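J.: Below is a structure I'd like to ask you about.
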Amino acid sequence: MDCIRIRGGQPLQGTVAIDGAKNAALPLMAASLLTDQPVTLTRYPQLGDTRSMADLLRRLGVEATTPDMCAGTMGLVTPSVTSTTADYDLVRRMRASVLVLGPLLARSGHAEISLPGGCAIGTRPIDLHLRALTELGASIELEGGYVRARASRGGLRGGRVRFAQVSVGATENTLMAAVLARGETRIENAAREPEVTDLARCLLAMGAHIEGLGTGTLHVQGDTVFRPASHRILGDRIEAGSYAAGALITGGYLRLAGAPADAMTATLDVLRSIGAGVEISAGDVVVNGSGTLAAADVETGVYPAFPTDMQAQIMAVLCLAGGRSRIVENIFENRFMHVSELVRMGARIKVRGRTAEIDGVQRLLAAPVMATDLRASLSLVLGALAAEGESVIRRVYHLDRGYSRLETKLRAVGAIVRRTSEDGST
Ligand code: UD1
């Protein structure tokens, strides 16, 4: 297995090109199941998770090709759905596999999806997805660890879906199903995350009729007649925020080219409150981390509040801030797995329930650490970039799921980082 070795203490300086957002790309890819018309995605990120989604889609009948790797283009076309089953092996690897449920059900009238089961950051059920699809006329059975969903003879029909709790994935699944359902659907308490809006934009380009983009209520006129579409994927606000945190924790200066500034307001506000200079210029975000780091109180929440996917990275920065900081994690119940690893680097953090208290220290020290989930792993990379000595980060497949060319991008802005096998050979 690979590990990443980082010798800390180098300020990150230069320009990092921000990729298309992983969390936008995954539902966009799943949307190609809705139609036999081609969908072309540009600014497509080459990641472990997008590869897993492409593998799953190919098994379902999607022809997924990357004609122009350099320009980051992904072409998807589904002449017909050849299978309606997403098996345990795939869903276990990537929870977002569940996003094929809505489109499969809408196009083929049935789908079988393995239940995702537990994962590193909590139980993460899919009850909201299932309840919403039931409102559109699906009958659902749970059997042998699988969800078996079936539409009535005439297919799904429009309906009123009111989510009891905001869910990004459930909103996306419902939206995709609704564009093919008969008649109108109203989705209330919909997630407003920019990636949901990006999906809606692509569906519009594909021929769908959706109103209320970016709001908590989406109106969908079903029975879409699809046409070929091309869509440029929204920039990755979490990748951009992670590199911004890198500039801050190393006292560096980074231009984040193509960062989606408008979608990052809460993250940029928190970075500013900790001491970053942040400017938005010509479509880029420029972060100056040369000031001293101040403690902050941060709470995660649904968009537009501070994203849970940036919580671990901000915690790494706060480990070196003067005074006591607090982070409250409101979205996932078990998302402090990085704490024990940061403590191994010398951080002082106490967790009580959903709150972490961080007492800033003068310095972090290199240590061997283990990645536990995607975003948690990046907090360890950040800790290692600031720590004295060489840290070794194991289980880097978590990082590869969501950060493209991480070492290359970091090296280009001055980090001393290499990937080796665990025995030290390169
Ligand atoms: C998406 C993102 C993930 C991000 C999360 C929250 C993708 C591929 N992943 O995940 O990176 O951390 O949004 O912004 O876009 N819940 C239920 N029942 C459900 C569905 C969700 O109880 O049926 C709960 C979850 O356990 C969690 C909360 O709702 O506590 C929010 O989850 P949700 O917004 O659905 O996250 P995902 O779509 O899985």
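The values are calculated or read from the model by the stated rules, or taken from the named source; none is laboratory data. The structure presented is a predicted model; accordingly, all values stated were derived computationally and were not measured. Heads up, the Cβs are rebuilt from the backbone with ideal geometry, glycines too, and the neighbour counts pull from every protein chain shown. All accessible areas refer to the heavy atoms of the entire protein, side chains included, with ligands and DNA or RNA removed. Shrake-Rupley method; radii C 1.70, N 1.55, O 1.52, S 1.80 Å.
J.: Provide the percentage of antiparallel DSSP beta bridges, counting only those with both residues in the stretch 22-232; round to the nearest 5. Could you put the intermediate results ahead of the total?
T.: On the way: 25 of 35 bridges.
So the antiparallel bridges amount to about 70 percent of the total.
J.: Run the simple label-point estimate for H209 and S152 please: 7 Å along Cα→C-beta, distance reported in nm.
T.: 2.2
J.: Taking R0 as 25 Å, what FRET efficiency do you get between R419 and K350 from their Cβ-Cβ distance, rounded to the nearest 0.05?
T.: Working: r = 33 Å, r/R0 = 1.32.
For R0 = 25 Å, the calculated efficiency reads 0.15.
J.: Also, quick follow-up: At a probe radius of 1.4 Å, what is the per-residue accessible area of R192, in Å² to the nearest 10?
T.: Surface accessible to solvent at R192 totals approximately 100 Å².
J.: Can you pull the three principal axis extents for the Cα set of the chain, in Å, largest first?
T.: 66, 44, 44
J.: Between S281 and D89, how high is the FRET efficiency from 1/(1 + (r/R0)^6) when r is the Cβ-Cβ distance and R₀ = 41 Å? Nearest 0.05. Each step should come with its number before you reach the end.
T.: Values: r = 46 Å, r/R0 = 1.12.
With R0 = 41 Å, the Cβ-Cβ based efficiency is 0.35.
J.: Same structure again: Fully extended, how many nm does the chain gain between R363 and A305 (0.36 nm per residue separation, minus their Cα-Cα distance)? All intermediate terms of the calculation are to be shown ahead of the outcome.
T.: Details: separation 58, 0.36 × 58 = 20.88 nm, distance 2.98 nm.
Contour length minus Cα-Cα distance gives 17.9 nm.
J.: Right, next: Please give the FRET efficiency for E388 paired with A412, using the beta carbon to beta carbon distance and R0 = 35 Å, rounded to the nearest 0.05.
T.: Values: r = 23 Å, r/R0 = 0.66.
Step by step, r from the Cβ atoms, then E = 0.95.
J.: So, one more: What shape does the stretch 22-232 take by its C-alpha gyration tensor, where a ≥ b ≥ c are the square roots of the eigenvalues and a/c under 1.5 counts as rounded, a/b above b/c as prolate, and the rest as oblate? Kindly include the intermediate steps, with their values, before the conclusion.
T.: Details: a/c = 1.32, a/b = 1.11, b/c = 1.19.
Because its axes are fairly even, with a/c under 1.5, the stretch 22-232 counts as rounded.
J.: By how many nm would the segment from Q13 to R58 grow when fully extended, if each residue of separation counts as 0.36 nm and the alpha-carbon distance is taken off?
T.: Values: separation 45, 0.36 × 45 = 16.20 nm, distance 4.03 nm.
Here the segment from Q13 to R58 would lengthen by 12.2 nm.
J.: Then there's this: Over the stretch 125-243, consider all pairs of different Cα atoms and compute the Kirkwood hydrodynamic radius from their mean reciprocal separation; express it in Å, one decimal.
T.: On the way: mean 1/r = 0.0671 Å⁻¹.
One over the average 1/r among Cα pairs gives 14.9 Å for the stretch 125-243.
J.: Give the accessible surface of the chain per residue, rounded to a whole number of Å², with probe radius 1.4 Å and ligands, DNA and RNA excluded. Let's see the in-between values first.
T.: Values: 16320 Å² over 426 residues.
On a per-residue basis, 38 Å².
J.: With a 1.4 Å probe and all protein chains kept in place, how do D223, D309, D198 rank by accessible area, largest first?
T.: Numbers: D223 85, D309 30, D198 10 Å².
Ranked list, largest accessible area first: D223, D309, D198.
J.: Starting from the 7 Å offset along Cα-to-Cβ, what nm value, one decimal, do you get for the label separation of S139 and T292?
T.: Result for the modelled spin labels: 6.9 nm.
J.: Compute the acute angle (0 to 90°) between the alpha-carbon long axis of helix 168-180 and the principal axis of greatest extent of the alpha-carbon atoms of the chain; round to the nearest 10°.
T.: Long axis of 168-180 versus the principal axis of the chain: about 30 degrees.
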